[in-house]
Amino acid sequence: MSNRRYPIHPIPGVGAVVVGTGGVLLARRDKAPGKGLWSIPGGGVELGESQVESVTREVKEETGVDCEVLELLRTFDLITKDDAGAIEYHFLLNHYMAKAMTQRTQPEYPEGEVGWFHPDLLPPDMASPRIEELIKSQRNRILSIMKDLISSNV
């Protein structure tokens, strides 16, 4: 996707709280904003692609995990300004709950990091407090999906 930095309009994107047997799927971000910090997988919606298709594609690309999208959870605006006060990034992000259909992870890049985290044991270096709050707000649902996946041997 071109012109993510200093865009002329908000950029649509998606993120996924993907739940597997080991908890929530997180990946270290490889680009700004939040480069090097843990976050849920996601990215920009491509032209002609539905949001659900975008979620499943982004999760697979970034983590190697196949998932099934369950529902829309929340919408966020991510707006960051540079030191001069200009809008450096503006994303309109729809976040979805998804269930992992596979558990084996494979980072998108050789230096990438992907992991499963229990919702009560998230890493201290999360990219966004709003993402951390979103995960915590879904704790009971996450634990229920984890239990169902463990009992079904996914």
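The values are calculated or read from the model by the stated rules, or taken from the named source; none is laboratory data. Everything quoted here is computed from the prediction, not taken from an experiment. As a convention, Cβ positions derive from the backbone with ideal geometry for all residues, glycine included, and neighbour counts pool all protein chains shown.
Could we say that A100 is more than 11 Å from I40 (Cβ to Cβ) and buried (at least 18 other Cβ atoms within 10 Å of the Cβ) here?
yes
Please verify whether P107 is modelled with pLDDT under 95, closer than 15 Å to L26 by Cα and outside any helix (DSSP H, G or I), treating the condition exactly as stated.
Against the criterion (modelled with pLDDT under 95, closer than 15 Å to L26 by Cα and outside any helix (DSSP H, G or I)), P107 qualifies.
Out of the residues in the stretch 73-97 that are surrounded by fewer than 14 Cβ atoms within 10 Å (Cβ to Cβ) and aliphatic (A, V, I, L, M), state the one that is nearest to G22 (Cα to Cα).
I79
Could you tell me whether the stretch 22-38 includes any residue that is β-branched (V, I, T) and touching a Gly at 6+ places or on another chain (Cβ under 7 Å)?
No, the stretch 22-38 has no match at all.
Show the residue pairs meeting these rules: Cβ distance below 6 Å; 6+ apart or different chains; first residue within the stretch 65-83 and hydroxyl-bearing (S, T, Y); second residue not in a strand (DSSP E or B).
Pairs that qualify, where the first residue is hydroxyl-bearing (S, T, Y) and the partner is not in a strand (DSSP E or B), are T80/P33.
Search the stretch 130-154 for residues being at pLDDT below 95 and part of a loop (DSSP other than H, G, I, E, B), and hand back the single one that is nearest to F76 (Cα to Cα).
Filtering first and then ranking leaves V154.
Just checking, how many residues over the stretch 38-72 are over 19 Å from M126 (Cα atoms) and in contact with a Cys (Cβ under 9 Å, 6 or more places away or on another chain)?
Total meeting the criteria: 3.
Can you say whether E61 is out of contact with any helix residue (DSSP H, G or I) (no Cβ under 6 Å at 6 or more places or on another chain), free of Cβ contacts under 8 Å to residues at least 40 places away in the same chain and farther than 22 Å from I150 by Cβ, as far as the supplied structure shows?
The answer is no for E61.
Looking at the stretch 110-129, which of its residues are among the hydrophobic types (A, V, I, L, M, F, W, C), in a loop (DSSP other than H, G, I, E, B) and touching a Phe, Trp or Tyr at 6+ places or on another chain (Cβ under 6 Å)?
none
Looking at G36, G22, which one is farther than 18 Å from P129 by Cα, small (G, A, S) and touching a strand residue (DSSP E or B) at 6+ places or on another chain (Cβ under 7 Å)?
Going through G36, G22 in turn, just one is farther than 18 Å from P129 by Cα, small (G, A, S) and touching a strand residue (DSSP E or B) at 6+ places or on another chain (Cβ under 7 Å): G22.
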